[in-house]
Structure formats: structure tokens, C-alpha cells
Amino acid sequence: MNAANFFVIIVIGIVAFLFIQTSYSQSIKEKRRKLGELLPNQKADRPFNFGEEMVWLAVRADSSEGVAEELGLTGRVRSGWLNAMHYVFEGGAVFVTPAFENWVLVVGIDLPTSNSKTEINKIKLLIDRLSKQFGESQFYGTYKSCYTFAKSVDGEVVRLYSHNSNNYDFHDTGEPVAEEAGMNFPKIKPWQIDEEDQEYWERNNVTFPNKDIILQIAGKWSINPAQLRKNYKEKSTGILGILKA
């Protein structure tokens, strides 16, 4: 066997080993998820951006522990961002971040998704409970074409707007706030407009919510999670936990 062939065999062996190791690790993680056992990984790393196809909370608090406790998360483990993001995007757990300028974020598709009246009511109850404890909490959603922002202060929702681009359902609570200046969100559904009035949306300067608008409002109210890596360089960990249904 010449040196070239030997080198090829070594490379193939390394690749096969890495593949088997990765598959085994993923299999173990999936089994633990099904059993409700989360994988801890206390290695601190830099924040990951999020905001697209996601739902999250912002809670005025100075630590993740209190927020995780108030949410009643089970199976809580300390986790770095990379480990946590697998659960955040695939489901199975939510991630409670460390505090950024007295704002703690809670992120994961296991949170209410705002795609129905039932889910909207869940959001209201959740942020009201959190704001009653911490003073203020917010909800944001960009998941599956449902665009939502909401704020609760001292146990009461003061502003919520949600628009489902799939069926044009909308929910509108409270008066528009300063951060919405120049944004005129839909107040009626397309089929409620006269067939001959094709310029209704343009004439009334109607603004259809999208991901960028939700992130813009988040940045004005608290933290824009799409800019975490840009604005916060320090490595950190948070709390990964299972949210009760």
C-alpha cells in the first residue's frame, strides 16, 4: 500500500467516525427530548440572533432565574446559546436569556404562536402574569406569517396588535402608541372592501405588519434580538426549560 492510498483510508476513517459520532449524539439528544430530559451545556458563548420565524418574550428583569421560575419551567438546565438554539427552533423547550440592559428574553416556538384567538388569549394571560410580577412584559411573533407585538404593564395589556397574513384575521387591543408612528395597520379584512375600491389600501396608507416592523418595534420597546451579536459581545449562558402546556 502506497502512502497516497494509506492517507485516503485514514481520511475516510476519520470522516466515518465523525459521522457516527454526530449521528449518535443527535440520537441521544432526540431520545432525551422525548423523555423530557434536556441536555445541559454550560459552555458560555456569544448570543445568537433571532427574530425570523420565531416567537419571544421580553421581560423587564435583571436575571434569568426569576423569569424561569415565574414561567414554571420544568427540567431546567443551564445552557449556552448554541445548545439552546436547537431546542428554540425545533421545539421541546424555551430558552431564557441572561439580562440585556434589564431585559430578559424568552424564546422558542413552544410559546403561544398568535395564529388563533385562543393563542392570542394565551399571550394576554402570559404577559399579564409576567408584568404583574416584574412590572412590564412584551410578546413578539413572526412565526408562520403571524405578526404580533404586545405589551403588558402592571398586569394589564396596554397594547396588542396581531395580523395573520394567512387568513387576514387581526386582533387590536389598546390605542396605537408612539412607536407605531407612520404605521396604519389593517382594521378590516380584504373582502369587507367594496369590489370597486381597489385603491383602498394605498389611499389609506395601510401598513401590513412583517418581520422588519416587529423587530423595529421590539428595538424601540426593549431589545431587537436580530442585533444581539452586534450589540452584545460578552459570552454568556441562560436557562433552558420545558414550558408547561
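The values are calculated or read from the model by the stated rules, or taken from the named source; none is laboratory data. These numbers were taken from a predicted model, which means no experiment stands behind them. Every residue, glycine as well, gets a Cβ built from its backbone with ideal geometry; the counts of neighbours run over all protein chains shown. Surface accessibility is based on the protein's heavy atoms, side chains included, excluding ligands, DNA and RNA. Shrake-Rupley method; radii C 1.70, N 1.55, O 1.52, S 1.80 Å.
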- Message: Of everything in segment 124-150, what is of a type outside the set (S, T, N, Q), out of contact with any Lys or Arg (no Cβ under 8 Å at 6 or more places or on another chain) and not in a strand (DSSP E or B)? Give them in sequence order.
- Response: K124, L125, L126, D128, R129, L130, K132, Y143, K144
- Take segment 42-86 and flag every residue that is among the charged types (D, E, K, R) and not in a loop (DSSP other than H, G, I, E, B). D45, R60, E65, E69, E70, R76, R78
- Task: Enumerate the strands (runs of 3 or more DSSP E) found wholly within segment 151-245, keeping only those where 3 or more residues are of a type in the set (A, V, I, L, M).
- Result: 156-164, 238-242
- Those residues of segment 65-102 that are polar (S, T, N, Q), within 20 Å of L125 (Cα to Cα) and open to solvent by less than 40 Å² (accessible area, probe 1.4 Å) come to a total of 0
- Query: Would you say V59 is farther than 28 Å from Y143 by Cα and either modelled with pLDDT of 95 or more or aliphatic (A, V, I, L, M) (or both)?
  - Reply: no
- Message: With the requirement that a residue be in a helix (DSSP H, G or I) and either over 17 Å from the mean Cα position of the chain (by Cα) or over 24 Å from E52 (Cβ atoms) (or both), what does segment 101-123 give you?
- Response: K117, T118, N121
- Go over the candidates R159, R129, R203 one by one and state the one that is open to solvent by 60 Å² or more (accessible area, probe 1.4 Å), of a type outside the set (A, V, I, L, M) and free of Cβ contacts under 8 Å to residues at least 40 places away in the same chain. R203
